[in-house]
Amino acid sequence: MKAKFHILYVLMLFINLVSCNSNVNVEASTKPSDTITIGIKDVFLHKDPEFTLQVDSILNDSRCPIGAQCFWEGNAEVRFKLSSLNSKTVMFNLNTANIFRKDTIIEGIKFKLIELNNQPDIMGRNSYQSYRVKIYYSTLVR
């Protein structure tokens, strides 16, 4: 009975996440730790423990644009949406610059932002929708 509830919960959570955007890509895994790359609004589904991770948005990107010379690296801040069986949906932010938070632990799962692909362009030709986020997770943290 409990297994049926878990399957139903994950299915409902998945439908809820995907129904809002028809262009959502879904990647699934059971690995206890891994580095994944997902795009804006794409969904990563982990099966044990059950959770979904989504890149909600890029809050800002002040990294040095392609074609410019900068005196510091800048920072990009990425907002994530985490949903699991044990908690409500949690929004959290991670950054690319070392002087800001790059990792966190939520519900015993460690997340670390590794890289944000697509550098800003001095001519403004990049949109946040084309960005790809490389993030490390580990469910072994307890």
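Quick look at the values:
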{"read-out": "Residue satisfying condition, being closer than 17 Å to SER84 by Cα and at pLDDT 50 or above, within set LEU59, LEU45, LEU17", "value": "LEU45"}
{"read-out": "Test for GLU77: is it among the charged types (D, E, K, R) and touching a strand residue (DSSP E or B) at 6+ places or on another chain (Cβ under 9 Å)", "value": "yes"}
{"read-out": "Those residues of the stretch 96-142 which are of a type in the set (S, T, N, Q), within 20 Å of ALA68 (Cβ to Cβ) and within 16 Å of the chain's Cα centre (by Cα), in sequence order", "value": "THR96, ASN117, ASN118, SER130"}
{"read-out": "Subset tally (residues that are surrounded by 19 or more Cβ atoms within 10 Å (Cβ to Cβ) and not in a strand (DSSP E or B)) for the stretch 74-100", "value": "1"}
{"read-out": "All positions within the stretch 35-73 that are outside any strand (DSSP E or B), surrounded by fewer than 16 Cβ atoms within 10 Å (Cβ to Cβ) and not aromatic (Phe, Trp, Tyr)", "value": "ASP48, PRO49, SER62, CYS64, GLY67, ALA68, GLN69, CYS70, GLU73"}
{"read-out": "Residue within the stretch 104-111 that is over 22 Å from SER33 (Cβ atoms), surrounded by 13 or more Cβ atoms within 10 Å (Cβ to Cβ) and modelled with pLDDT of 90 or more present", "value": "no"}
{"read-out": "The listed residue being touching an Asp or Glu at 6+ places or on another chain (Cβ under 9 Å) and either within 19 Å of GLU27 (Cβ to Cβ) or not hydrophobic (A, V, I, L, M, F, W, C) (or both), out of LEU53, LEU59, LEU82", "value": "LEU82"}
{"read-out": "Single condition ASN23 does not satisfy, out of (1) at pLDDT 80 or above; (2) within 29 Å of PRO120 (Cβ to Cβ); (3) within 17 Å of the chain's Cα centre (by Cα); (4) of a type outside the set (Lys, Arg)", "value": "(1)"}
{"read-out": "Residue ID - farthest from PRO120 (Cα to Cα), chosen from residues in the stretch 62-87 that are of a type in the set (Gly, Ala, Ser), within 20 Å of the chain's Cα centre (by Cα) and modelled with pLDDT under 85", "value": "SER87"}
{"read-out": "Selection within the stretch 114-137 - assigned to a strand (DSSP E or B), modelled with pLDDT of 75 or more and over 16 Å from THR96 (Cβ atoms)", "value": "TYR137"}
{"read-out": "Qualifying residue in the stretch 110-132 (condition: aromatic (Phe, Trp, Tyr) and either touching a helix residue (DSSP H, G or I) at 6+ places or on another chain (Cβ under 9 Å) or more than 23 Å from HIS46 (Cα to Cα) (or both))", "value": "yes"}
{"read-out": "Members of the stretch 86-116 found to be over 18 Å from SER138 (Cβ atoms) and either of a type in the set (Phe, Trp, Tyr) or in contact (Cβ under 8 Å) with a residue 12 or more places away in the chain (or both), listed by number", "value": "MET91, ASN93, ASN95, THR96, ALA97, ILE99, PHE100, LEU116"}
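The values are calculated or read from the model by the stated rules, or taken from the named source; none is laboratory data. Predicted, not measured: the structure shown is a model, and the values here were computed from it. Glycine also receives a Cβ, built like all others from the backbone with ideal geometry; neighbour counts cover every protein chain displayed.
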